[in-house]
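Working notes for the structure below.
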Amino acid sequence: MALIVQKFGGTSVGSIERIKNVANRVIEEKENGNDVVVVVSAMGKTTDVLVDMAKEISPYPNKREMDMLLTTGEQVTISLLAMALMEKGHDAVSYTGWQAGIQTEAVHSNARILNIETSRIENPLQSGKIVIVAGFQGITADGEITTLGRGGSDTTAVALAAALKADRCDIYTDVTGVFTTDPRYVKGARKLLSVSYDEMLELANLGAGVLHPRAVEFAKNYNIPLEVRSSMERTTGTRIEEEASMEQNLIVRGIAFEDNITRISILGMPNAIGSLSNIFTLLAKHHINVDIIIQSITADGNANLSFSIKSQDIKETLEVLESNKSTLQFEDIETETGLAKVSIVGSGMVSNPGVAAEMFSVLSQNGIQIKMVSTSEIKVSTVVDEKHMITAVESLHEAFQLDVGEPSTH
């Protein structure tokens with residue numbers, strides 16, 4: 001007997017009919033002789049609807065109250081799925097994140113899981129019940145309800161798999177696996193049979209919405225076998241594992257992209273030891289994620305600093321910087337919105353020089369100006385105008401031959 005954690009996303013549980021379909025998939029696993037823990041998201045666009053309702057009341061709603069509001073979405077799904085399983089003759093019990101013992105740090109809207117007290121889940125499992133847990137949520141030491149950020153149900157599932165020492169974690173979604181890029185935008189996108197943890201981590205961090213980055217991090221740290229599968233179709237998914245098989249010896253394995261990027265430029269700051277530390281420590285304290293960073297020295301010996309953030313963080317970033325202007329000693333701030341990030345990822349890039357040059361050449365040939373660049377051993381990211389994003393992805397996908405070969409659908 002194995003212990004399997006299954007996670008079903010919002011689209012997979014988007015209607016009563018789909019919840020019944022999920023119940024059938026869960027029962028299949030149970031009838032294979034396995035113990036099953038199921039993690040679910042809110043139904044369909046429920047979270048978006050709740051966010052929109054809050055924004056009708058306040059453009060910048062209180063984060064604690066947003067967590068109170070948004071966690072109701074998953075609570076609806078867990079109870080309906082438990083009822084569907086019971087109706088089909090299987091004993092099931094549903095738990096919210098806090099009932100399931102998921103303890104988080106005291107950060108509203110983007111908390112990290114600190115610990116999981118598993119006894120609440122293990123007891124019903126031992127008596128043969130299917131346990132259903134609400135994804136995306138937890139509780140602080142002080143009893144405050146928190147959420148784990150968008151896509152946090154993936155993290156809940158993998159963290160539970162690690163805490164329970166599960167044999168496998170299956171992430172069921174509305175796609176059949178991990179593709180070379182988003183197939184909704186690029187016709188030639190192919191499904192990959194396997195991806196390494198590191199490649200998936202980069203792709204997830206860079207905007208590929210299939211898996212939440214923290215979930216991949218958990219899986220890598222605890223060596224949890226992951227498979228991304230379709231909740232609608234009975235096909236083989238994509239395995240996320242330590243070493244992926246190098247399909248066709250591709251140097252670049254995937255292309256990720258993300259819109260709503262803003263560049264913040266801090267001008268005329270002192271070129272002194274500690275200046276960068278002061279700025280980024282301050283932003284980190286306010287939980288503002290900074291991505292690509294570029295510094296240059298001006299003719300008068302001062303420094304200019306540019307960095308990219310998600311556009312939703314503009315207001316808070318500017319408020320934090322302006323309110324500390326005298327301490328940070330800069331002259332001015334400029335912002336540029338309407339940007340996008342396009343990234344190529346592949347473990348094979350480590351031993352193949354010239355990949356970045358090829359990327360820049362392709363973008364140049366398509367008349368796309370590169371505004372910022374960031375590299376690591378297995379990725380190159382560029383910031384471009386949002387209007388050129390899809391053209392950039394399509395041209396890079398073709399240039400690196402990611403559209404070559406039969407799609408891996410079986």
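The values are calculated or read from the model by the stated rules, or taken from the named source; none is laboratory data. Keep in mind that what you see is a predicted model, and the values were worked out from it rather than measured. Cβ: placed from backbone, ideal geometry, glycine included. Neighbour counts: every protein chain shown. What goes into the accessible areas is simple: the full protein's heavy atoms, side chains included, and nothing from ligands, DNA or RNA. Shrake-Rupley method; radii C 1.70, N 1.55, O 1.52, S 1.80 Å.
Some observations on this one:
- Structure-based [θ]222 nm, the chain - -39500 (n - 2.57) summed over DSSP H runs of at least 4, per residue, nearest 500: -10500 deg cm²/dmol
- Close Lys pairs in segment 83-231 (alpha-carbon distance under 29 Å; sequence gap of 8 or more, or different chains): 7.
- Calculated over segment 6-130, the projected area of the Cα convex hull averaged across directions stands at 8.0 nm².
- The residues of segment 183-294 expose, per residue, 46 Å² of accessible area to a 1.4 Å probe.
- Solvent exposure of segment 1-136, expressed per residue, is 46 Å² of accessible area, with all protein chains present and a 1.4 angstrom probe.
- Take each peptide in 391-402, 81-92, 314-325, count the other Cβ atoms within 10 Å of every residue, and average; sorted highest first, the result is 391-402, 81-92, 314-325.
- Accessible solvent surface per residue of segment 304-379, calculated while the other protein chains remain in place, 1.4 angstrom probe, Å²: 49
- Model label sites at Q99 and K45, defined 7 Å from Cα along the beta-carbon direction, differ in position by 2.9 nm.
- Relative contact order for segment 200-289: 23 percent, from Cα pairs under 8 Å spaced at least 6 residues apart, divided by residue count.
- Shape category assigned to segment 267-336 from the gyration tensor of Cα positions, a/c cut at 1.5: prolate
- Rounded tilt (10° steps) of 63-87 against the dominant C-alpha axis of the chain: 30
- Full-stretch length increase - A2, K285 - with 0.36 nm per residue and alpha-carbon distance subtracted: 97.7 nm
- Carbon + sulfur, % of accessible area of the chain - ligands and nucleic acids excluded, 1.4 Å: 47
- Rounded to the nearest 0.05, the FRET efficiency derived from the C-beta distance between R168 and N62 at R0 = 56 Å is 0.90.
- Extension gain for D385-E336 works out to 16.7 nm (0.36 nm per residue, less the C-alpha to C-alpha distance).
- Taking the C-alpha atoms only, the angle from helix 16-31 to the longest principal axis of the chain is near 70 degrees.
- For the peptides 158-165, 184-191, residues were scored by their other Cβ atoms within 10 Å and the scores averaged per peptide; the highest-first order is 158-165, 184-191.
- Separation of alpha-carbon centers, segment 1-62 and segment 260-296, rounded to whole Å: 38
- Length gained when the stretch S296-K55 is fully extended (0.36 nm per residue, less Cα-Cα span): 82.9 nm
- Protection proxy ranking, peptides 264-273, 33-42, average beta carbon neighbours within 10 Å, highest first: 33-42, 264-273
- Take E241: with every protein chain present and a 1.4 Å probe, its accessible area is about 50 Å².
- Taking Cα centre as origin and charging only the Cβ of basic (Lys, Arg, +1) and acidic (Asp, Glu, -1) residues, the dipole magnitude of segment 1-153 rounds to 240 debye.
- For the chain, share of DSSP beta bridges that run antiparallel, in % to the nearest 5: 60
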